[in-house]
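Everything on this sheet refers to the single structure shown next.
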Amino acid sequence: MAIKPIDFYNYLANHGINFFTGVPDSLLKEFCLCIDDFIPKDKHIITANEGNAIALAAGYYLAQQSLPLVYMQNSGFGNAINPLLSLCDTDVYAIPMVVMIGWRGAPGVNDEPQHIKQGKVQIELLDSMDIPYEVITKEDEEVAQKISNVIEIAKNDFKPTVLLIKKGTFEKYSKEIQKTDTQHMEREEALEIILESLDDSVIIVSTTGKTSREIFEIREKKGQSHQQDFLTVGSMGHCSSIALGIALSKPYQNVVCIDGDGSMLMHLGSLTSIASLKPNNFRHILMNNGVHESVGGQATAAQNIDLSAIVEALGTNKMFKAETPIELKENTMKFISCDGPSFLEVKICPGSRTNLGRPTIGPTENKANFMRFLKK
């Protein structure tokens with residue numbers, strides 16, 4: 001029987017945990033919705049990436065001498081490894097915290113290809129890092145004891161500990177994320193306009209999540225080839241660097257990176273390489289809906305900052321914006337034909353089709369087809 005998020009929260013609160021930070025995960029969505037109802041905004045902070053969350057929690061502990069909790073999906077655990085080992089480990093500063101990880105791709109659980117290897121080696125990673133852990137499932141009858149175990153080890157041994165949460169652990173929480181009332185386009189409509197404006201020679205690298213899924217389905221619907229599209233199903237935040245590597249190697253072909261706000265924020269520093277190298281053929285599109293849509297619709301910092309202003313300040317050659325289909329059609333043509341690097345921010349509304357599918361070709365097949373296209 002699935003665990004009530006409020007019960008799980010109460011177990012933590014009873015041990016004095018009242019500071020939460022992390023990156024949203026679909027397996028932990030219901031728990032995070034619950035936290036929002038009981039924790040003020042300055043004590044529940046969504047960070048750009050998982051490493052940021054570990055460091056933020058460390059700062060909280062140093063100031064308050066109180067145990068924080070960091071949540072994440074295990075696909076982002078790699079971002080957290082450096083601060084866990086070089087900051088929090090007992091061989092360095094010995095900073096305790098509880099890390100709550102959604103275990104995507106757990107052995108025996110059917111999941112997407114980008115989660116399989118990460119899920120397979122998750123336990124080995126924790127063991128090799130000497131991080132104690134407890135695994136929690138929906139059938140668990142010892143949840144309170146397991147939470148108590150990791151908290152006591154964290155406090156007594158001054159080290160990070162982990163709660164590894166399997167799929168389906170939490171039952172649905174009654175609160176729904178409020179959607180912003182907006183007249184902006186849906187992402188799929190915007191992507192159709194963009195793809196129609198690009199010719200068959202343009203190289204496309206798209207970000208993880210629903211953006212790549214929608215691009216695949218648009219191509220299928222129109223009977224088009226997928227060969228010019230590299231669908232980055234994992235590696236959130238790195239699609240612009242992948243696109244940059246291709247652009248530098250193929251200087252006479254336009255390379256278009258189709259990014260998301262959560263993805264761009266996760267590794268914002270990669271923009272400095274683009275700005276420094278200034279490849280004439282590099283094109284960066286930001287699909288900005290202000291939320292982490294694929295994992296539940298939680299807000300990103302893009303709701304409060306101007307990402308275009310940041311890109312422009314770094315020295316991008318040409319800047320464009322679009323909020324309507326007409327603006328998008330007009331500006332995509334200018335965006336692709338000007339001297340790069342160029343940047344186009346597309347304001348879209350959150351949401352997608354309920355029947356949105358997933359690519360029917362695997363990552364290795366996508367790679368092989370794409371590399372053949374690049375050889376032409």
*Hey, can you tell me all the residues within region 168-196 that are surrounded by fewer than 17 Cβ atoms within 10 Å (Cβ to Cβ), at pLDDT 90 or above and among the small types (Gly, Ala, Ser)?*
168
*asked:* Would you confirm, using the coordinates I've provided, whether residue 360 is part of a helix (DSSP H, G or I) and more than 20 Å from the chain's Cα centre (by Cα)?
replied: no
*With respect to residue 80, is the statement that it is in contact with a Gly (Cβ under 6 Å, 6 or more places away or on another chain), assigned to a helix (DSSP H, G or I), at pLDDT 95 or above and under 30 Å from residue 172 (Cβ atoms) true?*
yes
_Unique match (being of a type in the set (D, E, K, R), in a helix (DSSP H, G or I) and farther than 17 Å from residue 214 by Cβ) among 321, 329_ = 329
*asked:* Based on this model, can you work out whether residue 345 counts as open to solvent by less than 90 Å² (accessible area, probe 1.4 Å) and in a strand (DSSP E or B)?
replied: yes
*Kindly list, by first and then second residue, each pair from a residue in region 360-376 that is in contact (Cβ under 8 Å) with a residue 12 or more places away in the chain and within 18 Å of residue 219 (Cα to Cα) to a residue that is in a helix (DSSP H, G or I) and open to solvent by 40 Å² or more (accessible area, probe 1.4 Å), limited to pairs with Cβ atoms under 7 Å and residues at least 6 apart or on different chains.*
362/113; 363/113
*Limited to region 287-311, what total is found for residues that are outside any helix (DSSP H, G or I) and without any contact (Cβ under 8 Å) to a residue 24 or more places away in the chain?*
3
_Options 24, 5, 83: the member that is without any contact (Cβ under 8 Å) to a residue 40 or more places away in the chain and not hydroxyl-bearing (Ser, Thr, Tyr)_ = 83
*Please work out which residue is modelled with the highest pLDDT, limiting yourself to region 299-310 and to residues that are surrounded by 14 or more Cβ atoms within 10 Å (Cβ to Cβ) and farther than 15 Å from residue 348 by Cα.*
310
*Which of (1) under 30 Å from residue 25 (Cβ atoms); (2) open to solvent by less than 20 Å² (accessible area, probe 1.4 Å); (3) not polar (S, T, N, Q) does residue 295 not meet, given it meets every other one?*
(2)
*When only residues in region 318-357 that are under 20 Å from the mean Cα position of the chain (by Cα) and among the small types (Gly, Ala, Ser) count, which is nearest to residue 192 (Cα to Cα)?*
352
*What number of residues within region 75-87 satisfy the criterion of being under 13 Å from the mean Cα position of the chain (by Cα) and open to solvent by 50 Å² or more (accessible area, probe 1.4 Å)?*
1
*Kindly indicate whether any position in region 266-286 is buried (at least 20 other Cβ atoms within 10 Å of the Cβ), under 14 Å from the mean Cα position of the chain (by Cα) and touching a residue at least 24 places away in the same chain (Cβ under 8 Å).*
yes
_Considering residues of region 115-142 that are farther than 19 Å from residue 97 by Cβ and among the aliphatic types (A, V, I, L, M) only, the residue modelled with the highest pLDDT_ = 123
*Name, by its number, the condition in (1) more than 20 Å from residue 248 (Cα to Cα); (2) in contact with a strand residue (DSSP E or B) (Cβ under 8 Å, 6 or more places away or on another chain) that does not hold for residue 306.*
(2)
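The values are calculated or read from the model by the stated rules, or taken from the named source; none is laboratory data. This one's a predicted model, so the numbers in the text were calculated from it and none came from an experiment. In this analysis, Cβ positions are derived from the backbone assuming ideal geometry, glycine residues included, and neighbour counts consider all displayed protein chains. We work out accessible area using only protein heavy atoms, side chains counted, and drop any ligands, DNA or RNA first. Shrake-Rupley method; radii C 1.70, N 1.55, O 1.52, S 1.80 Å.
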